[in-house]
Amino acid sequence: MQLAYIHNPLDRSANLRPDDDWISTQRENRNAKFVRINGDQTVMRDGRLDTSFAPDATAPIFLGLDPTGAPWFAIGTSATEGLKDLRSLAMEEAVSPEELGILAQARSLVQWHQRRSFCSNCGNRLEIRDGGYRRHCPSCSMDHFPRTDPVVIIVVRHEGSILLGRQSPWKPGMYSALAGFVEPGETIEDAARREVFEEAGIRVGAVRYVSSQPWPFLSNLMIGLIGDAVSSTITLDHKELEDARWFSAAEATMMVERTHPDGLYAANPMAIAHQLVKAALQLP
């Protein structure tokens, strides 16, 4: 299984989005695709993603043009039939990697619009502009743009072992990389060092970037890192983690392969945490 939500093929046509006439033309294109989003779910039909014309689409959000030139749009829906959540679609590989990437974009944008109806500056109702990539306040002229929150996620190494933790709501036996939001005025590296120290009491020195993953729950960008510890004594913050421990390379490899004798395992392969563990262990 490959990393989920990263293979979005759409040309977002940012330079054309401000043209209302162009957006209208794309919406009326007979090849237009409409993705319906309800919370973390989308509408499926006969085992496939339903992209049929949506007569209930009052304000479809323009996503982009696919390689064939067909425009894609996202809409929020109250539909209750045929729904499938995005996590299950990824785990079951029920849609193509490209469709999964489009769904991540659609889910993040629909969620943002549902939470951004009124101006945070003056309280007046906002207007939708740029095909859904901007909300404008006609009262105070403030513009609001969709946001993505950066999250650092890191596997820390020390003398051949790696640091993994778990939270109490997770399924029994699952351990994952430590993670947290980047705060204002903070570099990615310092955010990672801070999170590891706050949650596990471990000081981290060198940090290197590995890869990233859009995570549409809610609209995060997971920034994957590997760090080298300069201390090894764990002091757990029980408000953040149920447990954290050092795993030897052999034990962590069994967790990746799901052959650990105690039933311990790493995060699902669809998630960047799984790939970071493999990268830290230098597994193929």
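Quick notes on this one:
- Ile128 vs. criteria out of contact with any helix residue (DSSP H, G or I) (no Cβ under 6 Å at 6 or more places or on another chain), in a helix (DSSP H, G or I), of a type in the set (Val, Ile, Thr) and closer than 30 Å to Arg45 by Cα: no
- Residue match in the stretch 95-102 (condition: surrounded by fewer than 18 Cβ atoms within 10 Å (Cβ to Cβ) and in a loop (DSSP other than H, G, I, E, B)): yes
- Every pair of residues 6+ apart whose Cβ atoms lie under 7 Å, when the first sits in the stretch 202-220 and is assigned by TED's automatic domain parsing to the domain that holds Gly101 and at negative phi while the second is assigned to a strand (DSSP E or B) and acidic (Asp, Glu): none
- Taking first residues from the stretch 123-139 that are aliphatic (A, V, I, L, M) and buried (at least 18 other Cβ atoms within 10 Å of the Cβ) and partners that are modelled with pLDDT of 95 or more and assigned to a strand (DSSP E or B), the Cβ contacts under 8 Å between residues at least 6 apart in sequence or on separate chains come to Leu126/Phe118; Leu126/Arg135; Leu126/His136; Leu126/His144.
- Restricting the first member to the stretch 240-254 and to residues that are assigned by TED's automatic domain parsing to the domain that holds Phe197 and farther than 16 Å from Ala273 by Cα, and the second to residues that are of a type in the set (Phe, Trp, Tyr) and in a loop (DSSP other than H, G, I, E, B), the beta-carbon pairs closer than 9 Å and six or more apart or on different chains are Glu242/Trp170.
- Considered as a group, the residues in the stretch 1-37 that are β-branched (Val, Ile, Thr) and touching a Phe, Trp or Tyr at 6+ places or on another chain (Cβ under 8 Å) include one that is nearest to Ser52 (Cα to Cα), and that residue is Val35.
The rows are residues; the columns are (1) modelled with pLDDT under 95; (2) assigned to a loop (DSSP other than H, G, I, E, B).
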position	(1), (2)
Pro9	no, yes
Ser13	no, yes
Arg17	no, yes
Asp21	no, no
Ser24	yes, no
Arg30	yes, yes
Thr42	no, no
Ser52	yes, yes
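- Positions within the stretch 252-269 being hydrophobic (A, V, I, L, M, F, W, C) and more than 13 Å from Ser176 (Cα to Cα), in sequence order: Met254
- For Gly224: the one exception among (1) part of a helix (DSSP H, G or I); (2) touching a strand residue (DSSP E or B) at 6+ places or on another chain (Cβ under 8 Å): (1)
- Evaluation of Ser231 against the conditions (1) of a type in the set (Gly, Ala, Ser); (2) crowded, with 17+ Cβ neighbours inside 10 Å; (3) over 22 Å from Gln275 (Cβ atoms) shows that the sole unmet condition is (2).
- Within the stretch 209-223, not a single residue is over 30 Å from Glu92 (Cα atoms) and surrounded by 14 or more Cβ atoms within 10 Å (Cβ to Cβ).
- Test set (1) outside any strand (DSSP E or B); (2) farther than 19 Å from Ser13 by Cβ - Gly69 fails condition number: (2)
- Some residue of the stretch 186-198 being within 20 Å of Asn268 (Cα to Cα) and buried (at least 16 other Cβ atoms within 10 Å of the Cβ): no
- Residue within the stretch 184-195 that is polar (S, T, N, Q) and either assigned to a strand (DSSP E or B) or in contact (Cβ under 8 Å) with a residue 24 or more places away in the chain (or both) present: no
Table: residues versus (1) without any contact (Cβ under 8 Å) to a residue 40 or more places away in the chain; (2) surrounded by fewer than 20 Cβ atoms within 10 Å (Cβ to Cβ); (3) aromatic (Phe, Trp, Tyr).
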residue	(1), (2), (3)
Leu16	yes, yes, no
Asn29	no, yes, no
Val35	no, no, no
Val43	no, no, no
Phe53	yes, yes, yes
Ile61	no, no, no
Asp66	no, yes, no
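- Filter result for Leu264 (within 23 Å of Thr148 (Cα to Cα), surrounded by 16 or more Cβ atoms within 10 Å (Cβ to Cβ) and touching a Gly at 6+ places or on another chain (Cβ under 6 Å)): no
- Residue list for the stretch 235-284, restricted to those being part of a loop (DSSP other than H, G, I, E, B) and of a type in the set (A, V, I, L, M, F, W, C): Leu236, Leu241, Leu264, Ala267, Met270, Ala271, Leu283
The values are calculated or read from the model by the stated rules, or taken from the named source; none is laboratory data. Treat the numbers as computed from the prediction; the structure is a model and nothing was measured. Using ideal geometry, Cβ is built from the backbone for each residue, glycine included, and neighbour counts are taken over all protein chains shown.
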